[in-house]
Each structure stands twice: as structure tokens, then as C-alpha cells.
Amino acid sequence: MRFPITLSRTAALAGILFATAVHVHGDEDTPSLRAGVSAGGAPMAYFEQGVLRGLEVELDRALADALGRELRLQEMPQPRLIDALRGGRIDLVLSGLPDTDLAALGLAASSPLLETGQMALIRAAEVDRFARPVDLITTKARVGYQHGTAGARFVQAQLPWAERMPYPDAASGIAALRNGEIDVFVHDATTIWAVAADADEHELIGIFQALTDERLAWVVRSEDELLRRNIDFVIRSWRRSGKLSALINSWIRVQVEVEH
């Protein structure tokens, strides 16, 4: 099955970083890059036997390497990431917040790494019930979402008749859907793609129509313009290398279309 998406390009660098608020040891004189991460679930960031893994971790690692900095990952709940960035406790975070929201918060985004959005995950047996986007918008069903995310904002703003049910992370919401506690789970497209691409998954399917238009980019404080420009320089070099699709496919096993 093919799920076309539009991607920027980046280098495919593998990396495993250990636990919360730890870093890769290097020269003490090497400047650090403090990246905020929320372990909300695969494929973006999650703990596996105490090890923080995922696409977001690899992107942060690749960026730190390209900038010649020592990566310091700080894992925290999703709602705290923006406050930590604004307060100077971290230097950047991957986010899909729109430019208008970022400007109001005194933040700025890099060039996008991935064009994405929110999608719905449902049980395969109920595909006829949610065949069209309007079926979801007008539903009175039980709709789950992860607290403090773009999915939460979409559900709260756009599904007025739904029974809205928050969960602490994507894994909890997907488990609730599987167990029949909710009828729909709304989350980032990357999460939905990962579930759908699992060859052993037969019970859940994704509705591959984006409910929102978002871009995944690194977000920094507006005054850190030099850092943002350097990040954009790295992203441009990654686009020229043509390796982002390989990195994405190592975590999201679907065929992708790369923007040329």
C-alpha cells in the first residue's frame, strides 16, 4: 500500500540516546545543543527498555552532529516543551505549531522537515462508519486524543458533538481504541502511518486524509536567529543529499514521495 507524503530531505543517521536529560559525552569545550523531546510514542520518541528512541531522537542527533554540538536531550511531557523553550531551559524542539502561534509566543520555525497533519485511527470493522472526513466532524462517538497536542486542539475545536476523551500518550490512546473504550483516536500522521505499516496489525486502520495541515520543523526562540539560520543551512544540505526518505522509512515503513 502506498501513502504519498511530501518530505524535505535529510541524512539518515542512526542514533540511540540513553534515558532522560542525558547527553553524549564529548569534549568539555564543545558547545551543547539542548533539545526538548516528549516520549509520546512510536515512531517519533519513546522509551524501549530505558532507552529513548525514535525518529525525533535521530533527527536531533543528526542536527547536533551537523552543527558540531554535543546533544543534550531533555525528555518532558508535551505541554511543558514550549514553556521550557521560552524559558531558556532548552534550545529547540520539533513542533507543528503554525507560524501565527509561534509569533505570538516569541518563537520561530526552521524550514519544514515534514509536511504532516492530524489523522484518525479506527477499528477496521468500523471503516464504513468513518469513511468520509465529514463523518468524523459530525460524529457523536467517543474520540480519544493525547493531552496537550495538536490532536487535542483539533478535537476540542472541530468535534463539538463528540465525546472527547484525553490520554497521556499515544500508546494509551491506541490501547483504548483496541479495547473498545473509544471509537476513534486522533494523532499525528506519523503515528497513524506507523500503525498502518505494521504487517501484524489487522484490527486497526488509519483514515489517510489529513484533518489539518501542519509542518514539522525545529522551533527556536525568535532571538536565536543565528541558530535558526544555521539549522536552515543544515536542512538545505540534507535536501541536496536526498536521504530523508531512507531515514523516515526506517521508522515509518511506507512508501513516500520526496519533494524535489
With the first residue restricted to segment 208-237 and required to be more than 11 Å from Gly117 (Cβ to Cβ), and the second required to be in a loop (DSSP other than H, G, I, E, B) and among the basic types (Lys, Arg), Cβ contacts under 9 Å at 6 or more apart or on different chains are Ile235/Arg9
Being part of a loop (DSSP other than H, G, I, E, B), outside the structural domain of Gly148 (by TED's automatic domain parsing), at pLDDT 85 or above and more than 13 Å from the chain's Cα centre (by Cα): is that true of Gly26 here? no
Filter pass, Gly88 being in contact (Cβ under 8 Å) with a residue 40 or more places away in the chain, assigned to a loop (DSSP other than H, G, I, E, B) and either under 20 Å from Glu214 (Cβ atoms) or touching a Phe, Trp or Tyr at 6+ places or on another chain (Cβ under 8 Å) (or both): no
Considering every residue within segment 118-136, establish whether at least one is under 14 Å from the mean Cα position of the chain (by Cα) and closer than 25 Å to Ala171 by Cα. yes
Residues Val219, Val143, Val186: which one is aliphatic (A, V, I, L, M), in the same structural domain as Met44 (by TED's automatic domain parsing) and surrounded by 15 or more Cβ atoms within 10 Å (Cβ to Cβ)? Val219
Within segment 231-240, the residues that are modelled with pLDDT of 90 or more and surrounded by fewer than 17 Cβ atoms within 10 Å (Cβ to Cβ) are Asp232, Phe233, Arg236, Ser237
Tally up the residues in segment 172-202 that are farther than 20 Å from Arg153 by Cα and at pLDDT below 95, please. 10
Since Ser245 meets every condition but one in (1) buried (at least 17 other Cβ atoms within 10 Å of the Cβ); (2) at pLDDT 90 or above, which condition does it not meet? (2)
Picking from Leu227, Leu216, Leu211, which residue would you name as being in contact with an Asp or Glu (Cβ under 9 Å, 6 or more places away or on another chain) and outside any strand (DSSP E or B)? Leu227
Take segment 160-183 and flag every residue that is surrounded by 16 or more Cβ atoms within 10 Å (Cβ to Cβ), hydrophobic (A, V, I, L, M, F, W, C) and either assigned by TED's automatic domain parsing to the domain that holds Gly96 or more than 14 Å from Ile122 (Cβ to Cβ) (or both). Met165, Ala170, Ala171
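For every residue, the table says whether it meets (1) within 20 Å of Thr116 (Cα to Cα); (2) of a type in the set (A, V, I, L, M).
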residue: Met44; (1), (2): yes, yes
residue: Phe47; (1), (2): no, no
residue: Val51; (1), (2): no, yes
residue: Gly54; (1), (2): yes, no
residue: Asp65; (1), (2): no, no
residue: Arg72; (1), (2): no, no
residue: Pro98; (1), (2): yes, no
Filter pass, Ala199 being part of a helix (DSSP H, G or I) and not assigned by TED's automatic domain parsing to the domain that holds Leu97: no
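The values are calculated or read from the model by the stated rules, or taken from the named source; none is laboratory data. These numbers come from a predicted model, not from an experiment. Neighbour counts are summed over all protein chains in view; Cβ atoms, including those assigned to glycine, are modelled from backbone coordinates with ideal geometry.
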